[in-house]
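Below you'll find the structure, written out as structure tokens, and then a few comments.
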Amino acid sequence: MPNDCISYQNSGYFTPIMIDYLNQNPELKSLYNRFPTLENFADQISEKQQNYNNEIRSTLVEVLNEQYQNLDKTELLSQNMELLKSETTFTVTTGHQLNLFTGPLYFLYKIVSTINLAKTLKAKYSDYDFVPIYWMATEDHDFEEINYFNFGTSKVSWNRESAGAVGHLSTEGLDKVFEEFAEKLGPQDNSEKLKELFKKSYLEHDNLADATRYLTNELFKDYGLVILDSDDRRLKKYLIPFVEQDLLHNTSFKEVSATAEYFKNYNLQVNPREINLFYLHDNLRERVIREEDKFIVNNTEIAFTEAEILEELEQYPERFSPNVVMRPLYQEIILPNLTYIGGGGELAYWLELKSYFKAVNITFPMLLLRNSVLLATQKQADKADILDLTWKQLFMKQEDLKKDLAKKLSEFPIDFTSQKETLRTQFADLHKLANQTDPAFLGAVAAQEKKQIKGLENLEKRLLQAQKRKFADQLDRAATLQNELFPNQSLQERKGNFSEYYIDYGDEMIVKLLETLKPLEQEFQVIVL
């Protein structure tokens with residue numbers, strides 16, 4: 001089966017703003033720094049080099065070494081962590097929530113994109129080093145978004161009460177989730193390996209941050225991926241002046257709000273608040289709100305005067321947690337980062353932030369859309385071959401796929417375009433005749449033309465329906481195959497979990513992704529396992 005080149009723009013699964021961004025629409029140019037081409041990284045390196053506080057490097061490595069003290073580190077991983085001390089080392093970064101057992105498949109694609117981009121940059125810019133970073137969203141509090149993963153047609157859920165930052169969340173209760181998951185695993189070769197991976201990740205670690213770090217490290221440690229939890233007072237101290245600006249001057253709100261005019265033709269991903277911070281303490285993560293001369297913590301009785309909250313910030317910077325508007329800034333302050341790799345929704349909200357970065361004099365990273373992948377088994381590829389289907393056809397809406405296949409299978413053309421063109425040519429002569437005789441006759445000619453064109457269209461539809469009935473078996477098989485590859489007519493990568501494929505293919509699955517994905521090419525990759 002041919003491996004069609006399916007661009008993101010033509011896949012049918014990306015929003016208008018992402019299509020315009022990928023097409024480098026001039027109207028969006030002011031919303032990003034540089035478009036992510038290999039050549040453009042030279043200027044990005046130069047700019048970041050001049051606008052990064054290299055004193056942070058030693059703190060960053062100190063924090064990382066502490067976070068990795070109980071983890072297995074490969075030689076490449078240790079080398080990458082050490083390289084971060086050097087002023088000629090830069091990072092490429094992706095971020096993700098702490099989804100249970102990695103959550104949707106695209107978690108892997110984000111990380112593989114990041115690892116492969118670091119390799120690509122090293123091959124081009126040999127005087128520098130590039131370290132792939134996974135930024136764990138440990139301060140998030142949307143537990144309902146991360147407390148499950150899909151396995152086949154079933155949903156494996158962790159049902160419990162949750163409050164505060166999810167990274168602090170105890171892993172209590174995951175033993176029951178493990179039992180449920182273990183029952184669903186069949187006798188395949190890698191079932192025991194998946195059980196062991198889940199057990200060691202979630203039953204041998206006390207909180208969700210440590211469990212996620214262990215799991216991700218086990219999957220990617222051989223490829224030099226560095227995993228960072230930024231929820232640390234030593235790193236948060238570098239955010240203090242920016243938090244102070246937000247508390248006193250609402251800098252992020254003013255800048256991001258002013259950018260909204262550029263999104264009149266698109267959906268805004270985030271709406272900034274006057275203060276884009278949470279107060280984080282124990283099991284609490286609530287918004288900071290200013291009411292006249294007081295700063296209050298929403299849904300609590302905690303309140304500060306201006307002097308008190310600035311003192312709190314100085315003494316306990318770890319208690320101030322950036323929201324979706326300020327978190328990207330925090331990342332770019334503490335990392336020598338060149339590019340952020342994310343999904344379409346993520347990049348759309350990053351595009352709202354450039355003026356904010358400029359106002360606070362922090363280099364805005366290049367924004368790279370992560371790789372997207374459709375995984376297919378050899379059996380599924382063989383079915384497509386038997387049906388004479390291309391991958392492009394399988395990306396169609398299902399009704400369009402059936403129409404297209406019916407026309408392809410038909411022994412005669414089910415397209416009356418040429419007949420309609422002939423009819424229009426004949427009526428063009430009648431229009432000329434009407435103009436030369438009686439203008440009142442024009443309406444009658446136009447009505448007759450419309451009627452006859454409509455008649456041809458109805459005949460075309462009836463013929464297509466007849467052929468669809470004739471080839472119903474092939475069309476149903478095509479629809480069944482498409483439903484396997486696009487569950488609920490949506491992208492597989494947003495629904496499935498890596499375990500569904502790992503159980504049959506093991507580490508070969510990750511190796512295949514690393515060998516195949518090219519992060520700077522705007523192509524939806526189809527991978528046959």
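Miscellaneous remarks
- Given (1) among the hydrophobic types (A, V, I, L, M, F, W, C); (2) crowded, with 19+ Cβ neighbours inside 10 Å; (3) closer than 23 Å to L117 by Cα, index of the condition F101 fails: (3)
- The residues of the stretch 187-205 that are touching a helix residue (DSSP H, G or I) at 6+ places or on another chain (Cβ under 7 Å) and not basic (K, R), listed by number, are Q188, N190, S191, L194, L197, F198, S201, Y202, L203, H205.
- Residue in the stretch 269-276 that is surrounded by fewer than 20 Cβ atoms within 10 Å (Cβ to Cβ), farther than 30 Å from E312 by Cα, more than 26 Å from the chain's Cα centre (by Cα) and modelled with pLDDT of 95 or more present: no
- For the stretch 145-190, a tally of residues being polar (S, T, N, Q) and over 28 Å from the mean Cα position of the chain (by Cα) returns 1.
- Residues that are in contact with a Leu (Cβ under 7 Å, 6 or more places away or on another chain) and either among the aromatic types (F, W, Y) or farther than 30 Å from L197 by Cβ (or both) within the stretch 482-513 comprise Q482, F498, Y501, Y502, Y505, listed in sequence order.
- Residue within the stretch 145-152 that is surrounded by 19 or more Cβ atoms within 10 Å (Cβ to Cβ) and of a type in the set (A, V, I, L, M) present: yes
- Test: T212 is among the polar types (S, T, N, Q), under 28 Å from V131 (Cα atoms) and within 25 Å of the chain's Cα centre (by Cα): yes
- Given (1) within 22 Å of R370 (Cα to Cα); (2) not in a helix (DSSP H, G or I), index of the condition I45 fails: (2)
- If you go through the stretch 255-307 and pick out every residue that is part of a helix (DSSP H, G or I) and either touching a residue at least 12 places away in the same chain (Cβ under 8 Å) or of a type in the set (V, I, T) (or both), you end up with 9.
- For the stretch 479-529, the candidate set comprises residues that are of a type in the set (K, R) and part of a helix (DSSP H, G or I); within that set, the residue that is surrounded by the fewest Cβ atoms within 10 Å (Cβ to Cβ) is R494.
- Restricting attention to the stretch 501-528 and to residues that are farther than 19 Å from Y223 by Cβ and not acidic (D, E), the residue that is modelled with the lowest pLDDT turns out to be Q522.
- Among (1) under 26 Å from V92 (Cβ atoms); (2) modelled with pLDDT under 95; (3) surrounded by fewer than 21 Cβ atoms within 10 Å (Cβ to Cβ), the one test that A165 misses: (3)
- Single residue of the stretch 97-125 satisfying the filter (among the aromatic types (F, W, Y) and in contact with a helix residue (DSSP H, G or I) (Cβ under 8 Å, 6 or more places away or on another chain)) that is farthest from V511 (Cα to Cα): Y125
- Some residue of the stretch 307-322 being at pLDDT 95 or above, surrounded by fewer than 18 Cβ atoms within 10 Å (Cβ to Cβ) and among the hydrophobic types (A, V, I, L, M, F, W, C): yes
- Selection within the stretch 174-215: residues that are more than 15 Å from W158 (Cβ to Cβ) and of a type in the set (S, T, Y). The member of this set that is modelled with the lowest pLDDT is S191.
- Residue match in the stretch 243-256 (condition: surrounded by 18 or more Cβ atoms within 10 Å (Cβ to Cβ), within 24 Å of the chain's Cα centre (by Cα) and more than 30 Å from T74 (Cβ to Cβ)): yes
- Residue within the stretch 329-341 that is surrounded by fewer than 18 Cβ atoms within 10 Å (Cβ to Cβ), in contact (Cβ under 8 Å) with a residue 40 or more places away in the chain and part of a helix (DSSP H, G or I) present: no
- Pair list, Cβ < 7 Å and 6+ apart or interchain, from the stretch 71-85 residues that are surrounded by 14 or more Cβ atoms within 10 Å (Cβ to Cβ) to residues that are modelled with pLDDT of 95 or more and assigned to a loop (DSSP other than H, G, I, E, B): L77/G224; N80/G224
- Filter result (in contact with a Gly (Cβ under 8 Å, 6 or more places away or on another chain) and either part of a helix (DSSP H, G or I) or over 17 Å from G506 (Cβ atoms) (or both)) within the stretch 164-195: K184, K193
- Filtered residue count, the stretch 157-169, keeping only those that are in contact with a helix residue (DSSP H, G or I) (Cβ under 8 Å, 6 or more places away or on another chain) and free of Cβ contacts under 8 Å to residues at least 60 places away in the same chain: 4
The values are calculated or read from the model by the stated rules, or taken from the named source; none is laboratory data. What you see is a predicted model; the values in this text were computed from it and never measured. Glycine gets a Cβ as well: all are built from the backbone with ideal geometry, and neighbour counts include every protein chain shown.
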